[in-house]
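All remarks here apply to the structure that follows.
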Amino acid sequence: MLYPQKLSSKKNNLIIKILLGVSLLIAIILIIINKLTTPEIHWAALVNAGIIYTWITVIYSINKRTNIAGHVMIQAIAISLLTTYIDYKLGFKGWSLEISIPIIIMIANITMLILTIISHRKYVRYAIYQLVICIYSLLPIYFMQEHLIQHYILSYVAIGISIINFILTIILSARDVKEAIIRKFHI
């Protein structure tokens, strides 16, 4: 193939509109779940703020044609450390491990998934960061094994989103990765 196939701008816009609609639906569902299960804790607001952050980041990346995957990875790790520090300073009630870190993992994975879907032909730009975020997404498993958390729901959701993200990334980029390896190593 001499020239890479590009998604038309109409398809890109359609994909963005569909994903934006799905994000809005998820935000509404999370608000409903939050009101029904734990109305005294407003964790859905944090997740919805993360969804808004994800879309601001993605739209900026698309418009400026920049690689923000590294920023997403660094911000996810930095925000996790910051929330854990704040939790520790407030007497360590465990909310950073039960709520904050799983939400940050979900947001980082969803951001990377959207970036991968929008520009899956440029997989190399995101591959290393995607791998680091997938490894980082294993933290909730460690928290559960060490009994550092009592409520596992957000951790299970974060792990599930990470697995789905990893599988979809492989599906979208497997052929391109294979072609790059063949070109690089003359196999």
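Against the definition (basic (Lys, Arg), surrounded by 11 or more Cβ atoms within 10 Å (Cβ to Cβ), in a helix (DSSP H, G or I) and modelled with pLDDT of 80 or more), how does Lys17 come out, yes or no?
Working: basic (Lys, Arg): yes; surrounded by 11 or more Cβ atoms within 10 Å (Cβ to Cβ): no; in a helix (DSSP H, G or I): yes; modelled with pLDDT of 80 or more: yes.
No, not satisfied.
Does segment 60-67 contain at least one residue that is part of a helix (DSSP H, G or I), at pLDDT 75 or above and surrounded by 16 or more Cβ atoms within 10 Å (Cβ to Cβ)?
Checked against the condition, which is being part of a helix (DSSP H, G or I), at pLDDT 75 or above and surrounded by 16 or more Cβ atoms within 10 Å (Cβ to Cβ), segment 60-67 yields no hits at all.
Would you please name the residue that is modelled with the highest pLDDT, looking only at residues in segment 133-187 that are acidic (Asp, Glu) and part of a helix (DSSP H, G or I)? Give the steps one after another, and end with the answer.
Residues of segment 133-187 that are acidic (Asp, Glu), as a first pass: 146, 176, 179.
Imposing the further condition that a residue be part of a helix (DSSP H, G or I) reduces the set to 176, 179.
Values: Asp176: 69, Glu179: 73.
Among those residues, the one meeting the criterion is Glu179.
Considering only segment 80-98, state which residues are surrounded by fewer than 18 Cβ atoms within 10 Å (Cβ to Cβ), in contact with a helix residue (DSSP H, G or I) (Cβ under 7 Å, 6 or more places away or on another chain) and under 18 Å from Tyr136 (Cβ atoms).
Matches in segment 80-98: Thr84 only.
Just one of the numbered conditions (1) free of Cβ contacts under 8 Å to residues at least 40 places away in the same chain; (2) loosely packed, with under 14 Cβ neighbours inside 10 Å is not true of Leu148; which one?
Result: Leu148 passes all but (1).
The values are calculated or read from the model by the stated rules, or taken from the named source; none is laboratory data. Every value quoted in this text rests on a predicted model; they were computed, and no experiment measured them. Every residue, glycine among them, receives a Cβ derived from its backbone with ideal geometry; neighbour counts consider all protein chains shown.
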